[in-house]
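First up is the structure itself, then whatever we jot down about it.
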Amino acid sequence: MDHDTVRHMFIVGLRDAHAVEHQALGIMDRQIEHLAQYAEVEARLRSHRGETERQIERLESILDSLEDSPSAIKDAAMKLSGSVAALSHALAPDEIIKNSLANFAFENFEVATYKALITMAQAGGFQAAIPKLEESLREEQAMVAFLDETLPVIVQKFLALRSQGEQASH
């Protein structure tokens, strides 16, 4: 494999991952505001928000080590799109369920992103980046596991609240 090609694609992937993490912040910020009935989800999103900020820092340090930088335009656009996506669910009578499904898909996308970046780092000989990417991967996998485990609980709670005539959507 041509090292310059691998390096270029690794940098593109890092920039994209950086933008996706900014999108995640936009999504989480909007959702955290709407979780009065789902304290366990709010707490985990707050915790994951901190992880996401550290993931952004790790990506920036890897880009810096490659003498490159994130795309400010892409970051801003993705953060805005995340806020808009979360806002679109806010009007739904089953907001918490829609958010839970979207979060599960989004977090799995992030897992795949980090796996691809690790593969590129290995192919390009960017060994110093691998532990940072693996740490982010573990955090995303833990979030996927949380979402997977709590989806049935959230749906059951939503149905119980809704059946009692209480606010259940968020």
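The values are calculated or read from the model by the stated rules, or taken from the named source; none is laboratory data. Quick caveat: nothing in here was measured; it's all calculated off a predicted structure. Positions of Cβ are backbone-derived with ideal geometry, glycine not excepted, and every protein chain shown enters the neighbour counts.
Looking at this structure, is Leu133 touching a residue at least 40 places away in the same chain (Cβ under 8 Å) and in contact with a Leu (Cβ under 7 Å, 6 or more places away or on another chain)?
Values: touching a residue at least 40 places away in the same chain (Cβ under 8 Å): yes; in contact with a Leu (Cβ under 7 Å, 6 or more places away or on another chain): yes.
So Leu133 passes the test.
Need the failing condition index for Ala43 against (1) among the aliphatic types (A, V, I, L, M); (2) modelled with pLDDT of 75 or more; (3) surrounded by 13 or more Cβ atoms within 10 Å (Cβ to Cβ), just the number.
(3)
Residues that are of a type outside the set (Ser, Thr, Tyr) and closer than 23 Å to Ile32 by Cβ: does the range 118-130 have at least one? Give the steps one after another, and end with the answer.
Filtering the range 118-130 for residues of a type outside the set (Ser, Thr, Tyr) gives 118, 120-130.
Still in the list and also closer than 23 Å to Ile32 by Cβ: none.
Within the range 118-130, not a single residue is of a type outside the set (Ser, Thr, Tyr) and closer than 23 Å to Ile32 by Cβ.
Do we find that Asn108 is more than 26 Å from Val6 (Cα to Cα) and either modelled with pLDDT of 95 or more or part of a helix (DSSP H, G or I) (or both) in this structure?
Details: more than 26 Å from Val6 (Cα to Cα): no; either modelled with pLDDT of 95 or more or part of a helix (DSSP H, G or I) (or both): yes.
Criteria not met by Asn108.
For the range 129-152, indicate whether the set of residues that are more than 17 Å from Ala43 (Cα to Cα), more than 24 Å from the chain's Cα centre (by Cα) and either at pLDDT 95 or above or surrounded by 15 or more Cβ atoms within 10 Å (Cβ to Cβ) (or both) is non-empty.
No, the range 129-152 contains no residue that is more than 17 Å from Ala43 (Cα to Cα), more than 24 Å from the chain's Cα centre (by Cα) and either at pLDDT 95 or above or surrounded by 15 or more Cβ atoms within 10 Å (Cβ to Cβ) (or both).
Anything in the range 11-59 that is in a helix (DSSP H, G or I) and among the polar types (S, T, N, Q)? List them, or say none. Quick ask: steps written out before the conclusion?
So the first thing to find is which residues in the range 11-59 are in a helix (DSSP H, G or I), and the list is 11-32, 39-59.
If the condition is that a residue be in a helix (DSSP H, G or I) and among the polar types (S, T, N, Q), then Gln23, Gln31, Ser47, Thr52, Gln55 are the ones that fit.
Just the residues that are in contact with a Gly (Cβ under 9 Å, 6 or more places away or on another chain) and surrounded by 18 or more Cβ atoms within 10 Å (Cβ to Cβ), please, taken from the range 23-40. So that I can check it myself, show each step before the final result.
Looking only at the range 23-40, we keep the residues that are in contact with a Gly (Cβ under 9 Å, 6 or more places away or on another chain), and these are 23-30.
Across the range 23-40, the qualifying residues are Gln23, Ala24, Leu25, Gly26, Ile27, Met28, Arg30.
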